Amino acid sequence: MTGEEAVKGQIDSYKIELKNELTRILQYWLDNSLDKVNGGFYGRISNDNHVIAEAPKGSVLNARILWSFSAAYNFSPNPVYLETAGRAYRYIIGHFIDKQYGGVYWSVDYQGKPLDTKKQVYAIAFNIYALSEFYVAAGIEAARQAAIDMFYLLVEKAYDPIKTGYFEAFTNDWMPIDDLRLSAKDVNEKKTMNTHLHVLESYTNLFRIWPDKALKEHISILLGNFFDHFIDHRTNHLVLFFDEDWHPKSQLVSYGHDIEATWLLLEAAEAIKDETMIERSKQIGTRMADATTQGLDTDGGLWYEYEPADDHLIKEKHWWVQAEAMIGFFNAWQITQNEKYLEISMKNWAFVKRKILDKANGEWCWGIKQDGKIMNTEDKVGIWKCPYHNSRACIEIIKRINQPV
């Protein structure tokens with residue numbers, strides 16, 4: 001067997017395993033997450049599959065469920081996937097969208113009543129992303145229009161027309177708010193890499209169904225924000241937090257976001273067919289993938305974060321970081337044809353199979369701690385624990401294997 005034949009065999013096995021894993025992930029959500037009493041989906045399920053029926057329901061969770069089942073249907077048209085996507089769509093329209101001020105609430109209570117009504121740009125971005133994907137699946141014009149309306153809303157309310165970029169958060173009626181953070185661990189600053197990355201992602205998906213000139217321009221501006229601000233060209237890591245004038249406010253390295261950005265930037269540049277930005281994304285993305293290898297453990301897993309100021313490495317390995325590593329290093333292999341990246345992607349998947357998959361209860365656990373033990377106090381389903389990263393890794397890599405670049 002030649003080296004080329006061996007690689008092809010490995011890739012074929014990778015594809016088969018990810019196809020099976022995608023089915024397994026989605027089946028977990030079908031079996032466990034539907035709230036048949038109060039509608040929509042449960043807001044929280046513990047690592048050992050205990051349903052917390054009265055937990056708040058998050059807009060990010062619901063948008064990611066909508067995206068996952070819509071994308072799964074678009075990939076493999078199982079009518080159950082479309083039915084589940086429709087359930088998520090109806091719940092978002094009925095409970096999360098703020099019909100008075102626009103956008104979506106951050107959370108509602110278990111009965112669907114508004115709870116945290118702040119406007120987090122990150123959450124609105126995920127709804128644009130999901131509604132666009134659902135439009136492809138269901139062809140419902142109202143879904144496409146809702147996504148377009150949210151794009152215009154972000155440009156009107158959250159975009160900085162002077163320095164560019166998007167401000168992080170607002171009150172429910174779009175006034176300034178003191179606490180801008182997505183979560184308690186974040187720095188309280190006005191512009192963040194994480195939100196901009198997912199605004200870019202959402203705009204890219206919207207552009208596929210609505211190739212509008214103004215939308216294209218905003219995608220270009222966002223790519224420029226990454227090239228000019230978010231990517232530290234000395235280290236090839238992302239800078240995570242900025243003030244409104246683009247002054248860096250953090251040195252923290254997030255390995256998962258670094259590798260996630262490598263392929264999302266290229267995807268955006270390819271969507272708008274900007275050859276200069278495509279080439280730049282490939283070059284920078286490869287350098288960022290190389291920088292991300294600093295966070296790889298010998299077992300194939302990717303560590304969580306590194307703080308240069310005190311040389312502190314957080315040696316947890318979270319589920320979403322591994323999912324993004326699988327795609328990002330596969331993408332680097334496609335760009336360069338250097339098999340070391342393909343090996344990293346497949347070795348990371350092998351790590352996921354050994355340590356992250358919950359083979360007894362289903363889905364992926366949140367992650368493992370430095371000592372290798374499961375983070376069993378974290379959610380299996382929750383505000384942040386969704387089917388999006390891992391189902392997307394399966395879909396994205398299978399698509400790339402079917403249609404190699």
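Residues whose amide H comes within less than 5 Å of that of F241, counting only those at least five positions distant or on another chain, are M193, K249, S250 (H built at 1.01 Å from N in the peptide plane). Report the one residue of F96, V108, A146 whose Cα lies farthest in the direction of the positive end of the charge dipole of the range 89-163 (charges on C-beta: Lys and Arg +1, Asp and Glu -1; origin at the Cα centre). Farthest towards the positive pole: V108.
Quick one: order K8, K36, K15 from most to least accessible surface, probe 1.4 Å. Intermediate values should be presented prior to the final figure.
Details: K8 120, K36 170, K15 70 Å².
Result, largest first: K36, K8, K15.
For the chain, averaging the sequence separation of C-alpha pairs within contact (under 8 Å, six or more residues apart) and dividing by the residue count gives a relative contact order of 18 percent. Seen from every direction in turn and averaged, the convex hull around the alpha carbons of the range 308-399 projects onto 7.5 nm². Name the residue from G256, L266, I278 whose Cα lies farthest towards the positive end of the charge dipole of the range 246-289, charges +1 on Cβ of Lys and Arg and -1 on Cβ of Asp and Glu. The residue sitting farthest along the positive end of the dipole is G256.
The phi torsions of the range 137-142, fed into the Karplus equation with coefficients 6.51, -1.76 and 1.60 and a -60° offset, translate into couplings of 6, 9, x, 8, 4, 4 Hz, rounded to whole numbers, with Gly and Pro shown as x.
Mind pulling the per residue volume of the convex hull built on the Cα atoms of the range 55-100? Å³ is fine.
Details: hull volume 3.3 nm³, N = 46.
Considering the Cα atoms of the range 55-100, their hull volume per residue is 71 Å³.
Across the range 143-232, Cα pairs under 8 Å and at least six residues apart give a relative contact order of 23 percent.
Of the solvent-accessible surface of the chain, computed with a 1.4 Å probe over protein heavy atoms with every protein chain present, carbon and sulfur atoms account for 50 percent.
Hey, could you grab the Kirkwood Rh for the range 19-165? Inverse mean 1/r over distinct alpha carbon pairs, Å, one decimal. Mind dumping the intermediate values first?
On the way: mean 1/r = 0.0636 Å⁻¹.
Its Kirkwood hydrodynamic radius stands at 15.7 Å.
How big is the C-alpha Rg of the chain next to the rule-of-thumb value 2.2 N^0.38 Å, as a ratio? Don't skip to the end; give the middle numbers.
On the way: Rg = 20.0 Å, N = 405, 2.2 N^0.38 = 21.5 Å.
Dividing the Cα Rg of the chain by 2.2 N^0.38 Å gives 0.93.
The orientation-averaged projected area of the convex hull spanned by the Cα atoms of the range 165-309 comes to 10.0 nm². Across the range 334-343, computed HN-Hα scalar couplings (Karplus, 6.51 cos²θ - 1.76 cosθ + 1.60, θ = phi - 60°) run 4, 5, 9, 6, 7, 5, 4, 6, 4, 5 Hz from first to last residue, x flagging Gly and Pro.
Residues of the chain: accessible area per residue at 1.4 Å, in Å²?
Working: 16410 Å² over 405 residues.
Normalised by residue count, the accessible surface of the chain is 41 Å².
Return an integer: the convex hull volume of the alpha-carbon atoms of the range 248-287, in Å³ per residue.
Working: hull volume 3.2 nm³, N = 40.
So the per-residue hull volume is 79 Å³.
Distance between the C-alpha centers of the range 94-134 and the range 9-23? Whole Å please. One Cα centre to the other: 35 Å.
The values are calculated or read from the model by the stated rules, or taken from the named source; none is laboratory data. Note that this is a predicted model, so its numbers are computed, not measured. Here Cβ is always computed from backbone atoms with ideal geometry, including for glycine, and neighbour counts include all displayed protein chains. With ligands, DNA and RNA removed, areas are computed over all heavy atoms of the protein, side chains included. Shrake-Rupley method; radii C 1.70, N 1.55, O 1.52, S 1.80 Å.
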